[in-house]
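Peer 1: Below are the structure tokens for one structure; questions will follow.
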Amino acid sequence: MIELRHIGKIYPSSGGDVVALEDISLTIPDGAVFGIIGLSGAGKSTLVRCINLLERPTSGQVLIDGEDLTKAKKKRLLAIRRGIGMIFQNFNLLEQRNVEANVRFPLEVAHVPRAEAKERIAKLLDLVGLSEKAKAYPSELSGGQKQRVAIARALALNPKYLLCDEATSALDPNTTTSILQLLKEINQTLGVTIVVITHEMRVVESICTDVAVIDRSRIAEQGKVEDVFAFPRSEIAKELIIPNLIRSLQNAGGKKLRLVFNGEEADMPIISALAMACGVAVNILYADTKNIDGKTYGHMVISLPEGETEETVKRFLTQKNVVFKEEI
């Protein structure tokens, strides 16, 4: 388990101290895919680098399985870091080494016997779908293939934790989807706890179980993805999750309900069923839904005439287990 207790990070500068992180406390349970989301400059990358002490916090504690990294001696810190893999936005591959040699690099540093390393590399390249690219060089690979090599390298020492710092930001949508699916598979099959740093809500929606929203160096809110997604409380979470929805409500009249599709609803045409059952024609003001792993996620805002019809619609939605919230 990863525990961050009151983490602070300050960068001194000639113009005055810059506060990058302020009183950050998080608990990341084993087996989770934990998302940390925020706008650029919010402190996400600094935070993830504090987890393995690539950035040493100015204050607070970083505990990995109960052991405080900030108090660990250099030799012990290096040993702990071997259990924490990391992948980056720009891949950070060694251009003069082929794929096989890139994955071998951390095994060489750890003095793993060559025969054992060779077997390990073969398994990892098979896991990431690049067995046929073992002798290729980074310049011969696509962006998605480079990130797969980086993932294989990060897994070389059998880490318990994998830190992903904007790992899909440099990739196109289709490649992003395949990389996220690979990370999900790694979490499920290898049991690796994954921490995902991102500014994209779709990344969190796709694979994360838990999420923390960071804003201006502090945690604005955190919880299960489905809870934060359904009812974001902080202004920054609303901006990240439902930005167009907020604008759509400003000039609309009538009573408004926001329907939340969090993957639990039955696969049914809810608006058509509502219209027929309640005898009311609703006006759809906004809709943004998507299908993830065969389940529907997203938001829809409908406008209703006030009065008895409103209560009828609410009863219908409640009976159908559709989560909704009144919007002003």
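Peer 1: Given the pairs Lys44/Lys238; Lys256/Lys320; Lys71/Lys123, which span a C-alpha to C-alpha distance of over 24 angstrom in this model?
Peer 2: Lys71/Lys123
Peer 1: List the pairs from Lys224/Lys255; Lys135/Lys184; Lys74/Lys160; Lys73/Lys224; Lys73/Lys160 whose alpha-carbon separation is above 25 Å, in the order I gave them.
Peer 2: Values: Lys224/Lys255 29 Å; Lys135/Lys184 27 Å; Lys74/Lys160 20 Å; Lys73/Lys224 35 Å; Lys73/Lys160 21 Å.
Distance filter (> 25 Å) returns Lys224/Lys255; Lys135/Lys184; Lys73/Lys224.
Peer 1: Continuing with this model, one more query. Run down the aspartates and glutamates and flag those whose C-alpha is under 13 Å from the C-alpha of Lys118, throwing out any fewer than 8 positions away in its chain.
Peer 2: Correct list for Lys118: Glu100, Glu108, Asp126.
Peer 1: Additional query: Relative to the first principal axis of the alpha-carbon coordinates of the chain, what is the inclination of helix 173-190, with its axis defined by its Cα atoms, in degrees from 0 to 90 and to the nearest 10?
Peer 2: Result, in degrees: 70.
Peer 1: Loop only per DSSP, at most 13 neighbouring Cβ atoms within 10 Å: give me the trypsin sites (Lys or Arg not before Pro) in region 1-73, ordered by residue number. Please report the intermediate quantities before stating the final value.
Peer 2: Working: sites: Arg5, Lys9, Lys44, Arg49, Lys71, Lys73; in loops: Lys73.
Passing sites in region 1-73 are Lys73.
Peer 1: Shifting gears a bit: Contour minus end-to-end for Ile271 and Leu39, with contour as 0.36 nm per residue of separation and end-to-end as the Cα-Cα distance?
Peer 2: Result for the pair: 80.1 nm of gain on full extension.
Peer 1: Can you tell me the equivalent ellipsoid semi-axes for region 2-234? Use √(5λ) from the Cα gyration tensor, largest first, whole Å.
Peer 2: Working: eigenvalues 172, 90, 55 Å².
Semi-axis lengths for region 2-234 are 29, 21, 17 Å.
Peer 1: If the cut-off is a Cα-Cα distance under 13 Å, which aspartates and glutamates reach Lys9, setting aside same-chain residues fewer than 8 apart in sequence?
Peer 2: Asp17, Glu22, Asp23, Glu55
Peer 1: Moving on to the next point. Tilt of helix 143-154 relative to the longest C-alpha principal axis of the chain, in degrees (0 to 90, nearest 10)?
Peer 2: 60 degrees
Each reported figure results from applying straightforward, stated rules to the coordinates on display, with no laboratory input. From a predicted model like this one, the values you see are computed outputs, not experimental measurements. Using ideal geometry, Cβ is built from the backbone for each residue, glycine included, and neighbour counts are taken over all protein chains shown.
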